[in-house]
Amino acid sequence: MSDMRIFIQTFGCRVNQYESEMMRDLLASTHEMTDKSPDIIILNACTVTALAERKARQAARRLRRENPEAHIILIGCLADAVDQGTTRFADADLLVGNSWKPRINEVVERALSGACGTMPSCSSSELSTETTHGPSHRIRAFLKIQDGCSRACTYCRTTQVRGTPRSKSIVAAGAEAVALISAGFPEIVLTGIDLAQYSPAGGGLVDAVEAIASLDGLLRLRMASINPSGITPQLIEACASNNTVSPHFHIPLQSGDTHILDAMKRGYDAKTYLHTIDRIRSRIPRATFGTDIMVGFPGEDEAAFTRTLAILDAVGYCNLHAFRYSPRRGTEAAEFADQVAPEVKRQRSEALIAHWLDGLASVLDKRIDTTQDVLVEEHRDTVWRGYTHNYLYVKFSSDRQIPIGSLLPVHITGRTDATLEGVEDHRTDAN
């Protein structure tokens, strides 16, 4: 093993998290992975929002101060954006695009030999060659089955930095899932840049879900974010028919105003979005929902924002990712008129979160005095914590030691803020 010490820090989406695990696995056989006095620092960074970029820049400056002799490598979407001239990043020695991630050992060797600047792009690998051993000290593993996007939403750089859609074969995805289950991961989350565009030869998302959900030893299969176009009747039926599949659907909304959705080029309107929710609920009444919402998109007025709040009331989301629109150079929306003032964005973001939390209380209160199957993720301060089958966070007590990764019934007795509380259904001192 090399005496080189390497630290990887990740920013952004689940795909980035998966890819950092992949790079860590590739490097671990020849280098020491550490966060203490690293020789090489790899920042796997995001360019979706100005905030994401700012976090990466702040981290780079801090790590440079703390490790002045280390080589800093910026890799991923942010590095690709720099190479395309749509943003800047001054605090890295070597900038490397997404296509180099499966060849991270070569990148490190070039950095150690003194390479600086921007590495030229290379051809993307087959997704079937990208695998991970899963994250350490976790019970949930991400499984990347898709990359790239062809939607070209007017606010988004994803098409620019991730390229056209690519799909991992169902056979390769299944083999990776088997390895993850054998490594001790009872839950797998299928992820991609746009799961709705997953289209391997000879199948689709329904086939992948059915194949992986049927594997021995898997307790729970969940899909990460999926756009409304991917919610087909066949997928709904597959989720409804297999007890392993989590009935939780994270479906990005972005805005509840049809005019704004059209300006975003999202490909659906508010009515179609709500119809998608209704189709799921009619077949899977216990389903829960999450979403992404962007406030302050150009042209969003108070009426448009109010229509977004109305969607929250209609759906009752159990989780929400709220974003403030930030103009991204090189995207259509950056040139739109009627840009919203930063202070208005801040106010709407705060109002959105407060409105969601009010609705979340109602969603959670309906689970009180029910019994929910909870997959146990951690034990801390005499309390166990985990998630229900439909992805609601629970903390509970028990009169016995419970192995992490266990799936067991918990009687829900109450709620504190966004957390359900309960007792193990079989504990002897529950009364």
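Quick look at the values:
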| item | result |
| --- | --- |
| Simple label model, 7 Å out from Cα along Cβ direction - Thr419 to Asp358, nm | 2.5 nm |
| Cα centroid separation, segment 32-46 to segment 247-278 (Å) | 38 Å |
| Cα centroid separation, segment 198-234 to segment 71-100 (Å) | 33 Å |
| Relative contact order (percent, whole number), the chain, Cα cutoff 8 Å, 6+ residue spacing | 10 percent |
| Radius 13 Å from Cβ of Ala334, net charge of other residues (Lys, Arg +1; Asp, Glu -1) | 0 |
| Accessible area in square angstrom per residue, segment 162-307, 1.4 angstrom probe | 36 Å² |
| Global geometry of segment 1-54, whether rounded, prolate or oblate, following the gyration tensor of its Cα atoms and the 1.5 cut on a/c | oblate |
| Accessible surface of Thr382 - all protein chains present, 1.4 Å probe, nearest 10 Å² | 110 Å² |
| Longest exposed-site-free window of the chain, the sites being GluC sites (Glu not before Pro) in a DSSP loop that have at most 14 other C-beta atoms within 10 Å | 127-431 |
| Label point at Thr382 placed 7 Å out along Cα→Cβ; residues across segment 401-419 whose backbone nitrogen lies under 18 Å | 401-402 |
| Accessible-area order (highest first, 1.4 angstrom probe) of the listed residues Arg24, Arg286 | Arg286, Arg24 |
| Carbon and sulfur %, accessible surface of the chain computed with the full protein complex present, 1.4 Å | 50 percent |
| Dimensionless Rg ratio for segment 1-153, taking C-alpha atoms and the 2.2 N^0.38 Å reference | 0.99 |
| Out-of-range pairs (alpha-carbon distance over 18 Å; input Lys271/Lys345; Lys101/Lys144; Lys144/Lys168) | Lys271/Lys345 |
| Proximal charge balance of Met33 [Cβ under 12 Å; K/R count +1, D/E count -1] | -2 |
| Estimated Rh, segment 220-363: Kirkwood, alpha-carbon pairs, angstrom | 15.9 Å |
| Mean accessible surface per residue for segment 52-117, computed with a 1.4 Å probe while every protein chain stays in place, in Å² | 44 Å² |
| Environment charge at Ile170 (Cβ cut-off 10 Å; Lys +1, Arg +1, Asp -1, Glu -1) | -1 |
| Set of lysines with alpha-carbon distance to Lys395 below 26 Å, sequence-local pairs under 8 removed | Lys366 |
| Cysteines in the chain lacking a second Cys C-beta under 4.7 Å | Cys13, Cys46, Cys77, Cys116, Cys122, Cys149, Cys239, Cys318 |
| Estimated dipole of the chain in Debye, rounded to 20 [Cβ of Lys and Arg +1, of Asp and Glu -1, Cα centre] | 440 debye |
| Accessible area of segment 331-429 divided out per residue, in Å², using a probe of 1.4 angstrom | 52 Å² |
| Loop trypsin sites (Lys or Arg not before Pro), segment 327-414 (other Cβ atoms within 10 Å of the site Cβ: 14 or fewer; DSSP) | Arg329, Lys366, Arg400 |
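The values are calculated or read from the model by the stated rules, or taken from the named source; none is laboratory data. Note that the structure is a prediction, hence the values are computed from the model and not measured. Ideal geometry is used to build each Cβ from the backbone, glycine not excepted, and the neighbour counts take in all protein chains shown. In case anyone asks, the SASA skips ligands and DNA or RNA and just uses the protein heavy atoms, side chains included. Shrake-Rupley method; radii C 1.70, N 1.55, O 1.52, S 1.80 Å.
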